[in-house]
Amino acid sequence: MAKESLMRAGTGADIELHTMRHSAAHLMAAAIQRLWPAAKFGVGPAISNGFYYDVLFDEPIGDDDLTAIAEKMKEIQKEALPYRRDELSVDAAIAEMNKLGQPFKVELLNLLKEKGSTAVSKETGDSDVVASEADGKGVSTVSFYTVGDFIDLCRGPHVARTSDIGPYKLSHIAGAYWRGNERNQQLQRIYGLCFGTQEELEKEIWRIEQTRLRDHRKLGKELQLFTFSPEVGSGLPIWLPKGTVLRDELEFLAQQEERRDGYQRVVTPVITKENLYYRSGHLPYYKEDMYQPMDIDGEKFYLRPMNCPHHHQVYLAQPHSYRELPVRIAEYGNVYRYEPSGALSGLMRTRGFTQNDAHIYCRFDQAKDEFLRVMRLHARYYELIGITDYSMRLALPDLAKLDKYVNEPEKWLEALEVIRAAMKESGYQYVEAEGEAAFYGPKVDFMIKSAIGTEYAISTNQLDFLATDRFDLNYVGEDGARHPVYVIHRAPLGSHERFVAFLIEHFAGAFPTWLAPVQIRMIPVADRHVEYARKTADFFTNANVQTGTGGLRVDVDDSSERMQKKIRQGQLEKIPYLLVVGDKEAQAGTAAVRLRSGKDLGAMPLERILERVRMEAEGRKDLVEDAPAQ
Ligand SMILES: [Zn+2]
Ligand SMILES: [Zn+2]
């Protein structure tokens, strides 16, 4: 009961915020019209953090003009103008908008008349523009709202008066094609942020600024982690030496954690004969996500979109008895999936990527515990990386249509109960989402949030009872008969590429010592200290420290720059340890320790520095929070 009323209150607040944001779009348009009477208006909906309006100006406006618009908005707010509603027949409305010189509104009205309101809101992306509660062809009446002398086609509702809006801030201008079609005229889309409180608004401004500063494409370039080459092709990331360190370390982490959990590692090819994909069902059902086949000696081979069929071959390489199960097979496996060029986005959407993948082959009576272990493995990774904000979603089939997913609905429900039991035992919070499941079984999706609150869909785990039928995956039971195995598909770190994009944003590029591409930089004060700096670098490089790259990563800045400049450069590169060495240090066998935050730890014996860095690198935990100055 209490829960229900709480939910209603939440929904009410959301509607109120949406109404205010949408009303703010009218307010901004009214201000624009006062400043540029000839401006032509497209659509102006509310969005998740504010509003926008698409406008065509005689002369394009610039960011400088946002201040003038905002000032004019304040002026109109002081007038506390009401939002007045009027109704007109569609034909009268078309005549009125023609008279006002608003061709886009005329076009919308004609569209409304021909196709109805749902079609219009779908096409424009604006659910408020529909202008009428009625739908279907031949909408006859439409509503208008007037603020001062700005008249807009709109369904409402709005706040009562312009003075009721705020706080808000105009954020930026972008280009937008009319009705989202690049063959149409390009308008200017003016964005505004709008929240219930000043504090929420400021938090959003901070988040947007941080998102810009932490953009993985920008930092990936600055920190020389990865690149894309037009010669190789878009969507195919090339990992540079420093970025490859991230891969080596994450793979090493996976090796260690999975070893603890009884996984065995394998390496399998990235191409395969077409028949394997008919057997797995990828062909023809998954064909759109796969690349065209290549011909090898008259046979068709495909680049693999998933690792599962290859891992099944590993399982099938020898017979298994009930005693050997579960068999857990892991690989840092490369896969290739088709993405349209317009969908590619840095490391977030690529055409080739690597999965921290594994398949667990188990008996039905082991499935719950195995799934639970997978959940706990996720939690271990997240704790280690400092991901505190994550959520899980159990995807259910559309239960009413279960027989459409698979012809054995009982098996489906049985698998679902196994997962529910594992989730319950884990104690982790999760939600259930109906109608989201894959056809071959229930799955649990993980979403993680970065330090600035961006959500990343990171991993999917499935309990699959169909692979058995397709691949004849069996074991010999105590009774000597063959029984089907259950397969758990899991990839806690998801796609390596997307995970690195997450890590870059999460740490703002200042990776903890264990992940940092360069962990120690030697900074000789003058040329005569270069030799000592090099010797010290060798000392750290050759120290016996367990890392994914086989030891500590150290370099020497032997450039002719001044010491202060070298320190600044090291900080820019977000290197955790900057070790300054001059006469005193060379004589005493020490180094002066500067952290990337600027913190000065003073001169320390090399052994003590080594112990400290070793602890951080092997323990995967920094001793102090050491965020660099932005
Ligand atoms: Zn409106
Ligand atoms: Zn799989």
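Here are some notes:
- Of the residues Ile329, Ile385, Ile360, the single one that is away from ligand 1 (no atom under 16 Å from the Cβ) and touching a Lys or Arg at 6+ places or on another chain (Cβ under 7 Å) is Ile360.
- Number of positions in the stretch 176-188 that are among the charged types (D, E, K, R) and open to solvent by less than 50 Å² (accessible area, probe 1.4 Å): 0
- Criterion (under 30 Å from Ile385 (Cβ atoms) and either more than 16 Å from ligand 2 (Cβ to nearest atom) or open to solvent by 10 Å² or more (accessible area, probe 1.4 Å) (or both)) met by exactly one of Gly453, Gly477, Gly441: Gly453
- Checked against the criterion of being open to solvent by less than 20 Å² (accessible area, probe 1.4 Å), more than 16 Å from ligand 1 (Cβ to nearest atom) and among the charged types (D, E, K, R), the candidates Arg553, Arg490 yield just one match: Arg490.
- Residue within the stretch 214-232 that is in contact (Cβ under 8 Å) with a residue 60 or more places away in the chain, surrounded by 13 or more Cβ atoms within 10 Å (Cβ to Cβ) and more than 29 Å from Leu503 (Cα to Cα) present: no
- Test result for Gly166, surrounded by 14 or more Cβ atoms within 10 Å (Cβ to Cβ), touching a strand residue (DSSP E or B) at 6+ places or on another chain (Cβ under 9 Å), at pLDDT below 95 and part of a loop (DSSP other than H, G, I, E, B): yes
- Residues in the stretch 447-463 that are within 19 Å of Asp369 (Cβ to Cβ), in contact (Cβ under 8 Å) with a residue 60 or more places away in the chain and not aliphatic (A, V, I, L, M): Asn461 only.
- The one condition in (1) assigned to a helix (DSSP H, G or I); (2) more than 13 Å from His529 (Cβ to Cβ) that Gln587 fails to fulfil: (2)
- Considering the stretch 26-73, and only residues there that are within 16 Å of ligand 1 (Cβ to nearest atom), in a strand (DSSP E or B) and not hydrophobic (A, V, I, L, M, F, W, C), the residue that is surrounded by the fewest Cβ atoms within 10 Å (Cβ to Cβ) turns out to be Gly50.
- Pairs where the first residue, in the stretch 92-108, is closer than 16 Å to Val139 by Cβ and the second is among the basic types (Lys, Arg) and buried (at least 16 other Cβ atoms within 10 Å of the Cβ), C-beta under 6 Å, 6+ apart: Met97/Lys105
- Residues satisfying the stated conditions in the stretch 602-616, i.e. open to solvent by 60 Å² or more (accessible area, probe 1.4 Å) and of a type in the set (A, V, I, L, M): Ala603, Met615
- Within the stretch 556-584, restricting attention to residues that are in a helix (DSSP H, G or I) and open to solvent by less than 60 Å² (accessible area, probe 1.4 Å), the residue that is nearest to Val518 (Cα to Cα) is Gly570.
- Meets criteria (in a helix (DSSP H, G or I), open to solvent by less than 50 Å² (accessible area, probe 1.4 Å) and either out of contact with any helix residue (DSSP H, G or I) (no Cβ under 6 Å at 6 or more places or on another chain) or at negative phi (or both)) for Ala92: yes
- Being modelled with pLDDT of 85 or more, β-branched (Val, Ile, Thr) and either under 30 Å from Lys574 (Cα atoms) or within 14 Å of ligand 1 (Cβ to nearest atom) (or both) is a description that applies to Thr211.
- Taken over the stretch 233-265, residues that are assigned to a loop (DSSP other than H, G, I, E, B) and either within 29 Å of Ala330 (Cβ to Cβ) or open to solvent by less than 30 Å² (accessible area, probe 1.4 Å) (or both) amount to 8.
- Scanning the stretch 344-363 for residues that are among the polar types (S, T, N, Q) and either open to solvent by 30 Å² or more (accessible area, probe 1.4 Å) or within 16 Å of ligand 2 (Cβ to nearest atom) (or both) yields Ser345, Thr354, Gln355, Asn356.
- Restricting the stretch 292-343 to residues that are at pLDDT 95 or above, open to solvent by 50 Å² or more (accessible area, probe 1.4 Å) and part of a helix (DSSP H, G or I), the residue that is nearest to ligand 2 (Cβ to nearest atom) is Gln313.
- Considering residues of the stretch 580-599 that are at pLDDT below 95 and of a type in the set (D, E, K, R) only, the residue farthest from the chain's Cα centre (by Cα): Lys599
The values are calculated or read from the model by the stated rules, or taken from the named source; none is laboratory data. Just so you know, these numbers come straight off a predicted model, no measurement behind them. Methodologically, a virtual Cβ is constructed for each residue, glycine included, from the backbone with ideal geometry; neighbour enumeration extends over all protein chains shown. We work out accessible area using only protein heavy atoms, side chains counted, and drop any ligands, DNA or RNA first. Shrake-Rupley method; radii C 1.70, N 1.55, O 1.52, S 1.80 Å.
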